[in-house]
Amino acid sequence: MTDVFSLLYKPLIETLYMTFISSFFALLLGFPLGILLVITAEDGISKKAKFYSILSLIVNILRSFPFIILMILVFPLSRIIIGTTIGTSAAIVPLSIAATPFVARIIESALREVDSGLVEAAQAMGSSTWQIITKVLLKEALPGLILGITLSIISLIGYSAMAGAIGAGGLGDLAIRYGYQRFKTDVMIVSVIALIIIVQLTQLVGGKAAAYIVKKRSRT
Amino acid sequence: MISIKNLTKTYSINNESFNALDNISIDINSNEIFGIVGLSGAGKSTLIRCINRLEEPTSGEISIDSLLITSLSKKNLLKRRQKIGMIFQNFNLFNSRTVFQNVAYPLEILKLSKDEIEKKVLLLLNTVGLIDKKNAYPSTLSGGQKQRVAIARALANDPDILLCDEATSALDPQTTKSILSLIREIKDERNLTVVLITHQMEVVREICDRVAILEAGKVIELDSVTNIFTNPKTATTKDFIRHLRPETIYETNFNKKDNLYRLHFIGANAGSPIISTLLKNHDIEVNILSGNINTLYHGQVGNLVISISGKPPEIDKALKTLSKLNVKWEVI
């Protein structure tokens, strides 16, 4: 059994590394896109019909790609940015790009939950578009945003396991190479359990943080 | 003064356009409380939103103290909006902010210093009587408390205009009264011009100086509240105030041959003993069929439906006496 755990160490770090870095970039790209989708929409504070429909179309197209195909398509980009198409770091580029449109839609739907009356009140008080985004939309939607970000990170954990299939390393790779190809069921079970624990912990932290904010907002 | 000239707002849905506002012209005086009344769909909500351009008019002009609002650039519009307070039916308080932070918002966007903001916010919370709730979040407040916070927030940047969008429609009658008297108070203290839209004639009765009745995007009647209550001209207006001046006359109450009259009393008249004056001076009999008194902000108005029986010359004399006493009357 100690063998199994020593096997687990490196892939675990790789998975955490891939998930963390690609979540960072996916959020960095997806967050502003989500905001743009909300404010340029028909009922948005900075309505731009053409821009919205083009952006929305691009997001939908990217989301329709099966992840594994997208990874292969993005290989050339990985080579330009990271210098290689194989390995954990190389997987970060397709992971980030694959998750970006997902994050954009998640952020969009969280921001849409904000009562349009609050936006109207902010407009009536003479707020600029930027002030409405930063002081009203993002603040009001915070619990929903946290849950959305949690969901995005969890999907990236799943994606990163798939990336293992194209040489990215990580827990997914471990499960496939030892568990599936070499019939070492114990390794497969342990690596899946490790993934479950990571997902559970992420959900727990995200859920608690959102619940804390909701509770704080009912303080008398 | 808010001057609205030939304002039209057209919406098009499925290639069919309709006028939410149809060539509206209204002058709202400085320092008055102006009511806009109408059923839902009459266009009152669109009208009040055109004043601060939350809705863009299709055509027409709106100016405030000779500043043409309808042609302001976006930047200048934001600046002017900062001096126009607005409160809403659903209060629209920020749930992510405490009471204090809600009132501080309009000052924050002006980038005032923390000390200045605190001084002002505490003063305002004192005015609306919610200083002890300053660290509470809106979700824990009652409707009346929420509207008080919203009023404090609307006043934070010392506006000269206050727009009230069905501000009391979500409140119970007692809370409505207290909110309305608060609005009256702050209007007098701060020389505000108040524009309020409502579907409740009680609100108009309670605080308005003048009122416009809106129907299908048009102003069908515009007058002082006293005149609207004593002498409504259109059927819609009569409908609006009907439940405030009951005049159902049951057939058993009178003889069809009787002469029926409706008397209108305004101000001091409403309290004087007019019927007994009639009876003492003329050889007639009076039967009171229905009557009521409405207390407006500008005094009382009364309505009385009576039947008078007696010899025709005596009745004529009695009616002349009524006119002499400044009582308006009409034959029903």
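Order the peptides A:42-53, B:132-143 from the highest to the lowest mean number of other Cβ atoms within 10 Å of their residues. Before the final figure, lay out each step's value.
Details: A:42-53: 13.6, B:132-143: 15.9.
Ranked by mean Cβ neighbours within 10 Å, highest first: B:132-143, A:42-53.
Tell me which residues come under 5 Å, amide H to amide H, from A:ALA168 once H is placed; ignore anything under 5 positions away on its chain.
Those lying under 5 Å, H to H, from A:ALA168 are A:GLY87.
Pairs of alpha-carbon atoms within less than 8 angstrom and 6+ residues apart define the contacts here; what relative contact order does chain A have, in percent? Mind dumping the intermediate values first?
On the way: 271 pairs, mean separation 55.8, N = 220.
Over chain A, the number comes to 25 percent.
Can you list which of the trypsin sites (Lys or Arg not before Pro) found in region A:119-194 are DSSP loop residues with at most 13 other C-beta atoms within 10 Å?
A:ARG182
Count the DSSP beta bridges whose two residues both fall in chain B, then state the antiparallel fraction as a percent rounded to the nearest 5.
Details: 46 of 65 bridges.
So the antiparallel bridges in chain B amount to around 70 percent.
For region A:1-118, with the dipole built from +1 on Lys and Arg beta-carbon atoms and -1 on Asp and Glu ones, taken about the Cα centre, which of A:PHE20, A:PHE31, A:LEU73 lies farthest toward the positive end?
A:LEU73
Using label points projected 7 Å from each Cα along Cα→Cβ, tell me how many nm separate B:THR277 and B:GLU118, to one decimal.
Simple spin-label model gives 6.3 nm for this pair.
Quick one: if you stick a label point 7 Å off each Cα along the C-beta vector at A:ILE81 and B:ASN135, how many nm between them?
4.6 nm
Go through A:SER191, A:GLY167, A:GLY117 and say which Cα lies farthest out towards the positive end of the charge dipole of region A:2-216; charges sit on Cβ, +1 for Lys and Arg, -1 for Asp and Glu.
It is A:GLY167.
Tilt of helix B:99-108 relative to the longest C-alpha principal axis of chain B, in degrees (0 to 90, nearest 10)?
70 degrees
Classify the protein assembly as shown as rounded, prolate or oblate, taking a ≥ b ≥ c as the square roots of the eigenvalues of its Cα gyration tensor: rounded when a/c is under 1.5, otherwise prolate if a/b is larger than b/c and oblate if not. Walk me through the numbers before you get to the answer.
Details: a/c = 3.10, a/b = 2.96, b/c = 1.05.
Cα axes put the protein assembly as shown in the prolate bin.
Subtract the Cα-Cα distance of A:PHE67 and A:ILE193 from 0.36 nm times their separation in residues, and report this length gain in nm to one decimal. Write out the running numbers ahead of the final one.
Values: separation 126, 0.36 × 126 = 45.36 nm, distance 2.29 nm.
Separation in residues times 0.36 nm, less the Cα-Cα distance, equals 43.1 nm.
Taking only Cα atoms, what is the 0 to 90° angle, nearest 10, from helix A:88-112's long axis to the longest principal axis of chain A?
30 degrees
Which entries of B:LYS44/B:LYS218; A:LYS139/B:LYS134; B:LYS9/B:LYS44; A:LYS139/B:LYS119; A:LYS216/B:LYS120 show an alpha-carbon separation above 21 angstrom in the structure shown?
Values: B:LYS44/B:LYS218 10 Å; A:LYS139/B:LYS134 19 Å; B:LYS9/B:LYS44 11 Å; A:LYS139/B:LYS119 24 Å; A:LYS216/B:LYS120 25 Å.
Cα-Cα > 21 Å for A:LYS139/B:LYS119; A:LYS216/B:LYS120; rest within.
Give me the inter-chain shielding for B:93-103: mean count of other chain Cβ atoms within 10 Å, whole number please. The partial results should precede the final answer.
Values: counts 3, 10, 10, 13, 5, 3, 0, 0, 1, 1, 0.
Other-chain Cβ atoms within 10 Å of each residue's Cβ, averaged: 4.
Report, in debye and to the nearest 20, how large the dipole of the protein assembly as shown comes out about its Cα centre when Lys and Arg carry +1 and Asp and Glu carry -1 on their Cβ.
On the way: 59 positive and 47 negative charges, 207 e Å.
With Lys and Arg at +1 and Asp and Glu at -1, about 1000 debye.
Looking only at A:ALA161, A:ALA91, A:ALA210, which one moves most when chain A is put into a Gaussian network model with springs between Cα atoms under 10 Å?
Between A:ALA161, A:ALA91, A:ALA210, it is A:ALA210 that shows the largest mean-square fluctuation.
Taking only Cα atoms, what is the 0 to 90° angle, nearest 10, from helix A:2-40's long axis to the longest principal axis of chain A?
Long axis of A:2-40 versus the principal axis of chain A: about 20 degrees.
Report relative contact order for chain B in percent, whole number only (criteria: Cα-Cα under 8 Å, sequence separation at least 6). Walk me through the numbers on the way to the answer.
Values: 608 pairs, mean separation 59.1, N = 332.
RCO, chain B: 18 percent.
Averaged across B:105-113, how many Cβ atoms of other chains sit within 10 Å of each residue's Cβ atom?
Numbers: counts 7, 6, 1, 3, 8, 2, 0, 0, 0.
Mean shielding count: 3.
What is the mean number of Cβ atoms from other protein chains located within 10 Å of the Cβ atom of each residue in peptide B:85-92, rounded to a whole number? Write out the running numbers ahead of the final one.
Details: counts 2, 5, 2, 5, 1, 5, 3, 9.
Mean partner-chain Cβ count within 10 Å for B:85-92: 4.
Mind running the shape call on region B:51-168? Use the C-alpha gyration tensor, a ≥ b ≥ c as the square roots of the eigenvalues: rounded below 1.5 for a/c, prolate if a/b tops b/c, oblate otherwise.
Values: a/c = 2.43, a/b = 1.66, b/c = 1.46.
Since a/c reaches 1.5 and a/b is larger than b/c, the shape of region B:51-168 is classed as prolate.
Where a ≥ b ≥ c are the square roots of the eigenvalues of the C-alpha gyration tensor, would you call region B:1-94 rounded, which needs a/c under 1.5, or, failing that, prolate if a/b is larger than b/c, or oblate?
Here region B:1-94 falls in the rounded category.
Using only alpha carbon pairs under 8 Å that are at least six residues apart, calculate the relative contact order of region B:251-331 and give it in whole percent.
Working: 126 pairs, mean separation 34.2, N = 81.
42 percent.
With a point put 7 Å past each Cα toward its Cβ, work out how far B:ALA170 is from B:ASN29 in nm, to one decimal.
3.4 nm
Could you give the distance between the Cα centres of region B:283-332 and region B:83-104, to the whole Å?
Here the answer is 49 Å between Cα centres.
Considering only B:ILE151, A:SER218, B:LEU278, whose Cα is most displaced toward the positive end of the charge dipole of the protein assembly as shown, charges sitting on Cβ of Lys, Arg (+1) and Asp, Glu (-1)?
The residue sitting farthest along the positive end of the dipole is A:SER218.
Can you figure out the FRET efficiency of B:ASN227 with B:LEU39, using R₀ = 22 Å and their beta-carbon distance, to the nearest 0.05? Intermediate results must be reported in sequence, preceding the final value.
Working: r = 21 Å, r/R0 = 0.96.
So the FRET efficiency works out to roughly 0.55.
Please report, in debye to the nearest 20, how large the charge dipole of chain A is about its Cα centre when each Lys and Arg carries +1 at its beta carbon and each Asp and Glu carries -1 there.
Computed about the Cα centre, the dipole is about 220 debye.
Check which residues have an amide H placed less than 5 Å from B:THR193's amide H, if you skip close sequence neighbours.
B:ASN31, B:ILE161, B:LEU162
Please work out how much length the chain gains when fully extended from B:GLU108 to B:ARG80, using 0.36 nm per residue of separation minus the C-alpha to C-alpha distance, in nm with one decimal.
Numbers: separation 28, 0.36 × 28 = 10.08 nm, distance 1.62 nm.
That works out to 8.5 nm of additional length.
So, with +1 on the Cβ of K and R and -1 on the Cβ of D and E, and no other charges, what is the size of the charge dipole of region B:1-113 about its Cα centre, to the nearest 20 debye? Kindly include the intermediate steps, with their values, before the conclusion.
Working: 13 positive and 9 negative charges, 109 e Å.
Taking the Cα centre of region B:1-113 as origin, the dipole is about 520 debye.
Rule-based calculations on the coordinates, nothing more; no lab input. This is a predicted model, so every value here is computed, not measured. As a convention, Cβ positions derive from the backbone with ideal geometry for all residues, glycine included, and neighbour counts pool all protein chains shown.
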